[in-house]
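Here's the structure, in structure tokens; my notes come after.
The values are calculated or read from the model by the stated rules, or taken from the named source; none is laboratory data. Keep in mind the model is a prediction, meaning the values are calculated, not measured. No Cβ is skipped: glycine too gets one built from the backbone with ideal geometry, and neighbour counts run over all protein chains shown.
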Amino acid sequence: MSSSDPSELESERESTSAAGLPQVRIRPRKEGTFLAGHPWVLARSIGKINGAPKPGDEVEVCRHDGRFIAYGIFNPLSRIRVRLYSRDTEQPLDETFWKGSIQRAISLREQLGLLEPHGACRLIFSEADGLSGLIVDRYAKHLVIQLTSLAWYLRRESLLQVLEKLLQPESVRILCDPSIQRVEGIVDFEEELYGEEASGPLFIEEHGIQYGIDLQQGQKTGFYLDQRDNRREAAAFTEGKEVLDICCYSGGFSLCAAKLGGAASVLGVDTSQRAVDMARANAELNELRQVQFEAGDAFKTLDNLQKQGRTFDVVMLDPPKFAGSHHQVPSALRAYHRLNRLGVSLLKPEGILITSSCSGHVTAEDFQEMLAGVSQKSRREIQVLQQKGAAPDHPVLLGCPETAYLKCFFCRAW
């Protein structure tokens, strides 16, 4: 029996740490990951538990010989047994620590100039801001919180108090995906709303373009904030061009191509009719007549356009996550290959392909190798002009490579 088995760990529980906290000791060969700064302690990394921590309790995580690594929050119901937060022996996880960590995250967005009254940004990006299991997005005077851990589910009232004091939002909506609830052991949570939301769409401005945001039924928390800078960058390639935007959602890339880039025409496609309706409304709001949107499956639409003999100067592909785990990476890469090969088949000679992956388990190297396969199979030479990640309000924590999830490749094919 493995010593990470809960029944054996139970028998090994002895005493608490000198700080009065239950102590989680890491297996000798697993310590390096956490010493390097990774915030997730998986069950297989634990050698011994001293004390009897309950779900949501603070624990002290140590090396196998008892030397301190960090303070964290324990959850025996999750694959991530402990989420690490403070690596300072003198700073336990008290109110002062949480408030300071939240203030530090908000301060970065202020330095980035992302707190304009009608703007939108990610205020807290989970592990990347040292607050594992918590995402907070700001849309003008409204906040949307995504809980991805039991730790923050149990602390959401304290979180609300801090955010209300620092930001005075008009409303706060708290979400927790059912799949997260299952794996984190969260029971009977339903979406919570504090304050008053605007009736109908909430309007924000990005790069001088106005967007209507659906906080009640939109994807993610309402808008794809991580692609903010890539939308503007993509517009530089669209002047006078015919543009195809696949998986366009509410029109972010499409509207930038038209308004900032001066595209001659833009066709945006998304599987969601609700998203298409919002994209059309956003185009009308910005008086962009050269943009059209239609609902359709990405693969079927590309197939049909190919059969019709349609070609475009610029093709943009921004599909949803294809790989939710390491086991799904091979099938995800096959899907990316098919999608990008179809996209390349619609490109005019010397056309521009702007293609993204938000699957964190698919590395940039995986994605580039997939594109090399597309080049070979399509018999088109493909140049990578630049590779981008997420906007800076989605920073990358060097000790947690999973935070570098977004890949956006700007390519040219002839």
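For the reader, a short list of remarks on this structure follows.
- Any hit, the range 289-311, residues being buried (at least 17 other Cβ atoms within 10 Å of the Cβ) and at pLDDT below 95: no
- Test for Ser375: is it in the same structural domain as Gly252 (by TED's automatic domain parsing), farther than 24 Å from Ile180 by Cβ and surrounded by fewer than 22 Cβ atoms within 10 Å (Cβ to Cβ): yes
- Any helices (runs of 4 or more DSSP H) falling wholly within the range 271-375 and containing at least 2 residues that are without any contact (Cβ under 8 Å) to a residue 12 or more places away in the chain and farther than 28 Å from Glu206 by Cβ: 298-307, 329-345
- Taking the listed residues Leu108, Leu112, the one that is touching a Pro at 6+ places or on another chain (Cβ under 6 Å) and in the same structural domain as Leu150 (by TED's automatic domain parsing) is Leu112, with no other qualifying.
- Residue match in the range 382-389 (condition: part of a loop (DSSP other than H, G, I, E, B) and buried (at least 16 other Cβ atoms within 10 Å of the Cβ)): yes
- Subset of the range 141-154 [part of a loop (DSSP other than H, G, I, E, B) and either touching a residue at least 60 places away in the same chain (Cβ under 8 Å) or at positive phi (or both)]: Ser149
- Applying the condition of being buried (at least 18 other Cβ atoms within 10 Å of the Cβ) and polar (S, T, N, Q) to the range 326-368 and asking which residue is nearest to Arg228 (Cα to Cα) yields Ser356.
- Test for Arg138: is it part of a helix (DSSP H, G or I) and either at pLDDT below 95 or under 20 Å from the mean Cα position of the chain (by Cα) (or both): no
- Complete set of residues in the range 85-113 that are assigned to a strand (DSSP E or B) and either touching an Asp or Glu at 6+ places or on another chain (Cβ under 6 Å) or over 20 Å from His394 (Cβ atoms) (or both): Ser86
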